[in-house]
Amino acid sequence: LSLSPLFLILHRKPLGFQDLGSHLESLLSEGEPIEDSKDQPVEGRLGPQPVVLDHTSGFEGLLFVDDDLLGVIGHSNFSSIRATTCVYKGKWAYEVLISSQGLMQIGWCTLNCRFNQEEGVGDTPDSYAYDGNRVRKWNVTTTNYGKDDRLVQKDCSLWRLHGEPTILITLAHIFNHFAPLMCKVYLVEDVLMNFLLGILEGGGSVDEHPLIQQLMDLFWLLMEDYEVNECLKQLMMSLLRAYRFSPIIPDLGFQIHYLRLTTAILHHEKSRKYLLNNRSTFDVLRSVVFFYIKTPLRVKEAGLEELIPTTWWPTHFDKEGKDEREPKDESADERLRRRAYERGCQRLKKRIEVVEELQVQILRLLLNNKDKSTGEASRYIFLNKFRKFLQENASNRGQHPTALCPPEYMVCFLHRLITAVRTCWDEGNRKNPGSVRSEEAYVPPQLFYNGKVDYFDLQRLGGLLSHLKKTLKDDLASKANIIIDPAEIQSTSMDDLDEDEESGAAQRPFGAAAMGGALARPSWLSSPTLGRANRFLSTAAVSLMTPRRPLSQPEKVKVRTLTVEQRTEEDIEGSHGNDGLLLGRPHEEPEQPVADKSLLEIVDGIVMMYNLSVHQQLGKMVVVADDVHEYAVALKDTDEKIARCPARRADILEELQKSQKVFSEKLNHLSRRLAWINATIYSKEKMLDVYWLLCVCIRTIEHADNTSSLFAFAPEFYLNVAMNAYSALKNYFSPANSMDELPGYEETLAKLAAILAKHFADPRIVGTDIKDSLMQALASYVCYPQSLRAVERIPEEHFCIYSGDDSPAVRPWAQTNWILVRLWRGCGFGYRYTRLPHLLKTKPEDANLPSLQKPCPSLLLQRHMAELLSMDKDMAASFLNSVLNQLNWAFSEFIGMIQEIQQAAERPERNFVDTRQLKVCATCFDLSVSLLRVLEMTVTLVPEIFLDWSRPSAELLLRRLAQLLNQVLNRVTAEKNLFDRVVNLRLPGLESVDHYPILVAVTGILVRILGVEPSSSSAGAATSTARPVRKHFSLHAYTDYISEEEKHKVELMLTFLTEESKQAAASTPTCEEDLCPICYAHSISAVFKPCSHKSCKACINQHLMNNKDCFFCKATITGVEDYSKPATS
């Protein structure tokens, strides 16, 4: 037996196809099977019983053999292995079950036959083999084997079943002996499945095919239940294997045949419900295979060359290297190629849509809620299976990856499920016109807190569910008429306490419960033990009891809390006044019916499924389009080099032509593969599915937000999916599909922007990760013109610029400043660049990053910020003090890190710091630059904060600003300083650290302050900064970045500082007794009460921010009054 990498299983049963007829005759005549004795010797055969693989000496190559020596997997080029049996007389047959495609030869050989990596059975003179892939026999050379004979020849059109008793009795006798054979996997796969496929090929509709329906009826009528169960199990597993391993061909014919047969079988109600209820056969994890359309690894294998004979790729790029969607200078030949390629893509898409339609039909059968005549409807069986499937994938993620559904399967399953659910939703809407249409679908908020739907310990916006039920039990009672039993809360708390005592809080992998925000929140995917999960489900769920005080609704309904497997249709849909999944409707929720409750839970599961792995998989598949772009740029560059190559350099021309050929061949392959991916993953229909999911999440969040405090019960993944779905639409589906063509896109964009702006500082959200995600999403929003316009339409009361919390544990300020910086970029001094000057010649890792987009400042939001800071003086002072504190911290951290980097670089062994520390260092530098730009924006928009001396905080803020600017310039511009040495090292990870961004930002602040209203108080601070700027940094080297007007302003500033410094030097110095004893820089201007000690206003104001004790006597300062030196006679 010689095989390429495949999976092959030797069968364990002696019954074969060759003696099937005689065996059936023996069974029918004698009434009981005859088994050969295993110990009886057989003439012409040597070897043990049963036949197994020879894993000791009879193999060549890399092979994995099963423990029972009956299965083998090949992992090298044409491996070979023998069995443990020798035959020397008579006629013999062998059987194998092949479970994968590929080239393989199976046959006989003598003991003298020696194999190697190039020669296997059939390739040597003393061996004979059969190649089933090419239907040829081998003995050194190859010949045709013969025709493909079918074991069962039957004219299906003549097959009829009648109800005469004689025929039924005859069929009963036949099935009595034939039924045991229908449990054999090889007979089911090779005979029964092919026979049923032949019936479909003979004609007739797949929908309730009459002959297949009659056959299924006969199976259940004339066979024992356990026999039918085993037969259906083997049949469905055979169909799964056949569908999964069938070769990809242009018309997807094999896949269509197997899906049509699966659909016909599932139309039989009893068979469908058995398969749904069977745990090992048709669970969602296995059945997902039916909804997957695999991507061909080789273009030739899929026949895409015939389907898409003409290939095309973009050849026109803009200045930033991005594809131009409709290039103006496209030639006629390029236009013809592009249109021919698009026609081929459309042909491929139409063939794939046939398969997708069959897959949707299968799901619609599983979502049938009308087949209640034989027990529970199919939809509710499927719903419980689907929820279990989500639980397994959510709980095992990161721990047991082999038990998870592959992400590529999950993507296809999600799109088919969305189509099927929306179809069922719209059918219900037509029957009940007053309900919500699928275009306006959402998940009502009561699903999140009434205990009817299990979220497997996924993180809620407000923290852990048990904590929320303790703290919000009064809100649940008043707003949703739900009462929590105090005994259940106590029981849950005791369970948690016992576990903490047994295992210890430090040993918990996901942290403890967040108590009032004091502890760090656990991971959003906690995975407790099964025992704890069961106790949680049984004790911590919601129940309605007789309240201690009367509520607004007099009638109460007690809720049964059940596990997923125990739920029935009544628990989901409700009956006789019981709202089922929608129990506990808040007053803010409209009374309009939404849809069937079961569909609401499936939609909720679809959102969860997208969050688990679908979004990550969508991002992975974009790499093919990126490869096409890179090869297209490389090919265009090579063509240009060939055109410029001198005729005398034939050697260079030859190498360039070789590169050109390689790039063209690679692009031909990738463009066809990209056509397949665009048709199956990034098509317009798939884009509409993701957009529908985005709208569902937005409406769900809006409805949950209306419940005020109960919003904390909403799962975090709804916000994650809303942000990720928008990111996918923007970055993955375009430019092949335009977002502008989506219905209501502008309105949806504005709603999402409002959600991000309203909730990034929402006190009901406690998770730091989700807060950071909201802030980052809002920051990326303001980097693109279209989404920035949506942000500008947000009501002012929803947009919080400053959160007012400087706690390092919360840290919302860093992302807030990223937002402000992006609103300002394009307006600041020398701040119109997309990439820094010294990085222009390097290639960005990802040109689609928000930080690499063209500047698009928002004058409207700048004006809103200016009005806010002008009107609220206290908030303005608090905001600027926070920015200055952050700048002091960030720049100090940056200096400390580059000192460590410089010390490591000077060591003889050159032991550099790790990449993580380099990344943190670059982040501190970028943060320092962004904070300087925020200060520049504030000085430009609201200069009176620093220069209006009627404001009590103006002098202190200006003093602090001058000190920080001095600190920055002294560190960056000193002679042979540390900053220069680290920049010259050009370490990977510190590419953004350079003189230009930080010095230009400081210059912008100085120009704004001194250009508005020069004063003597600011001149002293700026005098020491003017000379380093002029000496060490020249703006003339950046003509593309610094305008002539900006250069002129800098020259005026330097002239002004020079004159002021001369005047200051010539003026009479202040008497030392009149100087502030703290700073010795300003005159005494304040006297403390009650101790009467004195200092300048700047020192005492800064001191009182942190301490109320006097500098000198430590007495508590109760007030500060202005002080002026009395006039002398």
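What's the carbon and sulfur percent of the stretch 646-731's accessible surface, probe 1.4 angstrom, rounded to a whole number?
Answer for the stretch 646-731: carbon and sulfur cover 51 percent of the accessible area.
With every protein chain kept in place and ligands, DNA and RNA left out, what is the accessible area per residue of the stretch 591-744? Probe 1.4 Å, answer in Å².
37 Å²
Using θ = phi - 60° and the Karplus relation 6.51 cos²θ - 1.76 cosθ + 1.60, list the HN-Hα couplings for the stretch 707-719 in order, rounded to whole Hz, with x at every Gly or Pro.
8, 6, 5, 5, 4, 5, 6, 5, x, 5, 5, 5, 5
Please give the FRET efficiency for Leu836 paired with Ser331, using the beta carbon to beta carbon distance and R0 = 51 Å, rounded to the nearest 0.05.
Approximately 0.90, to the nearest 0.05.
In the stretch 856-926, which trypsin sites (Lys or Arg not before Pro) are in a loop and have at most 11 other Cβ atoms within 10 Å, using DSSP for the loop call?
Numbers: sites: Arg863, Lys873, Arg910, Arg916, Lys919; in loops: Arg910.
Listed in order of number, the matching sites are Arg910.
Multiplying the sequence separation of Lys1047 and Phe254 by 0.36 nm and subtracting their Cα-Cα distance, what value in nm do you get?
278.3 nm
In whole Hz, what ³J(HN,Hα) sequence does the stretch 588-602 give by Karplus (6.51, -1.76, 1.60; θ = phi - 60°), x for Gly and Pro?
For the stretch 588-602, the Karplus curve yields 6, 7, x, 7, 4, x, 8, 5, 4, 4, 5, 5, 5, 5, 5 Hz.
Please list the non-local residues whose amide H lies under 5 Å from the amide H of Ala83, H modeled 1.01 Å from N, same-chain partners needing a gap of 5 or more.
Sorted by chain and number, the residues that satisfy this are Asp54.
Describe numerically, in nm with one decimal, the distance between label points set 7 Å from Cα along Cα→Cβ at Thr56 and at Gln346.
Between Thr56 and Gln346, the label points sit 6.7 nm apart.
So if we plug the beta-carbon distance of Ser727 and Glu224 into 1/(1 + (r/R0)^6) with R0 = 51 Å, what FRET efficiency do we get, rounded to 0.05?
Using R0 = 51 Å, I get an efficiency of 0.40.
Are there any chymotrypsin sites (Phe, Trp or Tyr not before Pro) in the stretch 885-986 that are in a DSSP loop and have at most 13 other Cβ atoms within 10 Å? List them by number.
Trp949
Tally up the carbon and sulfur contribution to the accessible surface of the stretch 330-474 as a whole percent, 1.4 Å probe, everything protein left in place. Present the calculation step by step, with values, prior to reporting the outcome.
Details: 2740 of 5730 Å².
Its accessible area is 48 percent carbon and sulfur atoms.
With the crude spin-label approximation of a point 7 Å out along Cα→Cβ, what separation in nm comes out for Lys636 versus Gln903?
It works out to 5.0 nm between the two label points.
Nothing charged except the Cβ atoms of Lys and Arg (+1) and of Asp and Glu (-1): what's the magnitude of the dipole of the stretch 853-981 about its Cα centre? Round to the nearest 20 debye.
Result for the stretch 853-981 is approximately 240 debye, rounded to the nearest 20.
Report, to two decimal places, the Cα Rg of the stretch 622-661 normalised by 2.2 N^0.38 Å (N = number of residues).
Ratio of Cα Rg to 2.2 N^0.38 Å: 1.37.
Please arrange His415, His75, His1093 by accessible surface area, largest first, computed with a 1.4 Å probe and ligands excluded.
On the way: His415 5, His75 95, His1093 60 Å².
The residues order as His75, His1093, His415, largest area first.
Taking the Kirkwood radius as the inverse of the mean 1/r across Cα pairs, report the Rg/Rh of the stretch 647-741.
Rounded to two decimals, Rg over Rh is 1.35.
Separation between the Asp626 and Asn1107 pseudo-spin-labels, each 7 Å from Cα along Cα→Cβ, expressed in nm?
So the label points at Asp626 and Asn1107 sit 5.4 nm apart.
For the pairs Lys294/Lys349; Lys686/Lys771; Lys349/Lys730; Lys686/Lys758, flag any whose C-alpha to C-alpha distance is greater than 25 Å.
Result: Lys686/Lys771; Lys686/Lys758 exceed 25 Å.
The values are calculated or read from the model by the stated rules, or taken from the named source; none is laboratory data. It should be emphasised that the depicted structure is a prediction, and the values quoted were computed from it without experimental measurement. Glycine also receives a Cβ, built like all others from the backbone with ideal geometry; neighbour counts cover every protein chain displayed. With ligands, DNA and RNA removed, areas are computed over all heavy atoms of the protein, side chains included. Shrake-Rupley method; radii C 1.70, N 1.55, O 1.52, S 1.80 Å.
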